[in-house]
Amino acid sequence: MAKSEFDIIKQYFAHQQQQRDDVVLAIGDDCALVDVPANYHVAVSTDSLVAGTHFLADADPALVAYKALASNISDLAAMGATPAWVSLALTLPTIDEAWLAPFCHSFFELANRYNIQLIGGDTTKGPLSITLTVQGLVPQGQALTRSGAQVGDDIYVTGNLGDSAAGLALILNQSQCEPSLAAVLVERHFKAQPRVNVGEALRGIASAALDISDGVIADVKHIGDRSQVAIEIDVEKLPVSADLLTFCNGDRQQAQQLALTSGEEYELCFTVSKANRDALAMALAHTNVKYSCIGQVTTGRGLSLLQLGKPLSWKLSGWDHFGVTNN
């Protein structure tokens, strides 16, 4: 007998997790009900992943689930929020249990790691796509935003940049490299590490923050625009991995350009005043996350690329879903 939408929800999504204490009512009603602690705001973010745009239709469903949820968790991290709840809208061409089983296993494994409960959503028939709405909690007045950067602040990023772009090039057969390196870079494309602990630690220290989803060269402009300041990036300070340099055959300039333009990194980019440098070091010491200063906030507007203090004229742009480039 063919399974219905409600059979699929019951088998794969309902009662898969231990209920959080702040969830009053979850899957099975018209709405979910949750309790919000006093003196907290709810941070909310929604993202869609579409087959053919964000992942290939034949991609491993376990990796697709991880990427979908991790990218949304990263939005909460960028605001300094602690993840709490998620809703999932899943559109499927057909009910394919061989696809659903690994998708759900991976999804709930990551959700449990960050103590996120699935509280509702929707399933429907159509082209394969995944839409998630994540919600988290942040103390009132402590949310990190894009609009607080001040002239003189330093600009930092977590982790390394560029590996995701290299992994995507391999997935699309646009590049080739030794199989073991290819496997590492492809995994880094799909399995970014949301920097929730960094975002929480940056409360009260960072002046502005966001996550890198469209390439640091594109995303850091949002901080500049919202804060009404200019941004300078020193390309020699960009953190690139030894794996990326190997992928680029030792061409450091190519690696730097990938680091600037690589989307779907989901590392954090944030600004901190020089007066808070010591506080930053202390706050991040327990996170075991690498972070690097890549530039500074200056007067004026726009973005400048420097190399050893000298201006660069590289014409680069980040990812835009509608193909609009802003060099």
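Determine the equivalent ellipsoid of segment 154-311 by diagonalising the alpha-carbon gyration tensor, then write out the semi-axes as square roots of 5 times the eigenvalues, largest first, rounded to whole Å. Mind dumping the intermediate values first?
Details: eigenvalues 142, 66, 35 Å².
The answer is 27, 18, 13 Å, longest axis first.
In order along segment 154-170, the Karplus-derived 3J(HN,Hα) couplings, from 6.51 cos²θ - 1.76 cosθ + 1.60 at θ = phi - 60°, round to 8, 10, 10, 9, 8, x, 10, 10, x, 5, 5, 5, 4, x, 5, 4, 6 Hz, and Gly and Pro are given as x.
Mean-square fluctuations from a GNM of the chain, with a 10 angstrom spring cutoff on Cα atoms, peak among Cys177, Cys248, Cys269 at Cys177.
Once you've got the Cα coordinates, tell me which of Lys67/Lys125; Lys274/Lys315; Lys274/Lys310; Lys125/Lys221; Lys67/Lys310 are over 27 Å apart. Numbers along the way, then the final one.
On the way: Lys67/Lys125 22 Å; Lys274/Lys315 30 Å; Lys274/Lys310 22 Å; Lys125/Lys221 38 Å; Lys67/Lys310 38 Å.
Violating the 27 Å limit, Cα to Cα: Lys274/Lys315; Lys125/Lys221; Lys67/Lys310.
Residues Ile8, Ile130, arranged from fewest to most other Cβ atoms within 10 angstrom of their Cβ, appear as Ile8, Ile130. Peptides 202-209, 51-58 ordered by packing proxy, namely the average of other Cβ atoms within 10 Å per residue, highest first: 202-209, 51-58. Dividing the helix sum by the residues of the chain, where each DSSP H run of 4 or more adds -39500 (n - 2.57), gives a mean residue ellipticity at 222 nm of -9000 deg cm²/dmol. For the peptides 225-235, 77-87, the ranking by packing is 77-87, 225-235, with the highest mean count of neighbouring Cβ atoms within 10 Å listed first.
Taken over segment 5-139, the percentage of Cα pairs per 5 Å bin, counting from 0 up to the bin with the maximum distance, is 2, 10, 21, 25, 21, 13, 6, 2, 1, 0.
The distance separating the Cα centre of segment 38-61 from that of segment 138-208 comes to 16 Å. By other beta-carbon atoms within 10 Å, ranking Tyr114, Tyr156 with the fewest at the front produces Tyr114, Tyr156. Taking label positions 7 Å along the Cα-Cβ direction at both Asp29 and His222, the computed distance is 3.3 nm, reported to one decimal.
Computed about the Cα centre, the dipole magnitude for segment 94-192 is approximately 160 debye when only Lys and Arg (+1) and Asp and Glu (-1) carry charge, each at its Cβ. Toward the positive end of the charge dipole of segment 27-136, with +1 on the Cβ of Lys and Arg and -1 on the Cβ of Asp and Glu, the farthest Cα among Leu33, Ile95, Gly52 is that of Gly52.
The magnitude of the dipole of the chain, with charges of +1 and -1 set on the Cβ of Lys/Arg and Asp/Glu and taken from the Cα centre, is near 760 debye.
Each value in this text was obtained by applying a stated rule to the coordinates, not by laboratory testing. None of the values given here were measured: they were computed from a predicted structure. Backbone-built Cβ (ideal geometry, glycine too); neighbour counts: all protein chains shown.
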